[in-house]
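Below is one structure; the comments refer to it alone.
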Amino acid sequence: MADVAEEAPSVSEPLDLVRLLLDEVVFVKLRGDRELKGRLHAYDSHCNLVLGDVEETIYVVEDEENDEEVKTISRKSEMLFVRGDSVVLISPQSRIH
């Protein structure tokens, strides 16, 4: 008997990689020093995203007389719509260290 290898999912366009991440926890880097971690529920051709169980981190640089300090603000959302023109990076969560 010959072993039948599983076919790898077809990737012919960049957004095909995002399709593979549906229903997975993803890391999303946004413009404006913002990062999101959440479950990818939906996306479209403009890279608009719908995320669930989202943890958002915002990095704020405070300059007190040339002594810069990075402050982080964290918040959680049950569901979040992300406009695609603010997305810089989408990655599987398991790959981020």
Grab the other residues whose beta carbon is less than 12 angstrom from that of Val60, score K and R as +1, D and E as -1, and report the net.
-3
Taking the alpha-carbon distance from Lys71 and a cut-off under 15 Å, which aspartates and glutamates remain once sequence neighbours fewer than 8 residues away in the same chain are dropped?
Asp33, Glu35, Glu56, Glu62, Asp63
Coordinate range along principal axes, alpha carbons of the range 12-88, Å, largest first:
51, 26, 16
Set Lys and Arg Cβ to +1 and Asp and Glu Cβ to -1, take the dipole of the chain about its Cα centre, and tell me which of Ser10, Thr57, Ile73 lies farthest positive.
Ser10
Within the chain: Cβ-based charge dipole about Cα centre, in debye rounded to nearest 20 (Lys, Arg +1; Asp, Glu -1)
360
Count the net charge of all other residues whose Cβ sits under 11 Å from the Cβ of Leu49, scoring Lys and Arg as +1 and Asp and Glu as -1.
+1
The extension gain from Leu17 to Tyr59, computed as 0.36 nm times the residue separation minus the Cα-Cα distance, is 12.4 nm
Can you compute the modelled spin-label distance between Lys29 and Thr72, with each label point 7 Å from Cα toward Cβ, in nm?
1.5
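Any read-out appearing in this document is the output of simple, stated calculations on the displayed coordinates, not a laboratory observation. Not measured: the values here are computed from a predicted model. Every residue, glycine as well, gets a Cβ built from its backbone with ideal geometry; the counts of neighbours run over all protein chains shown.
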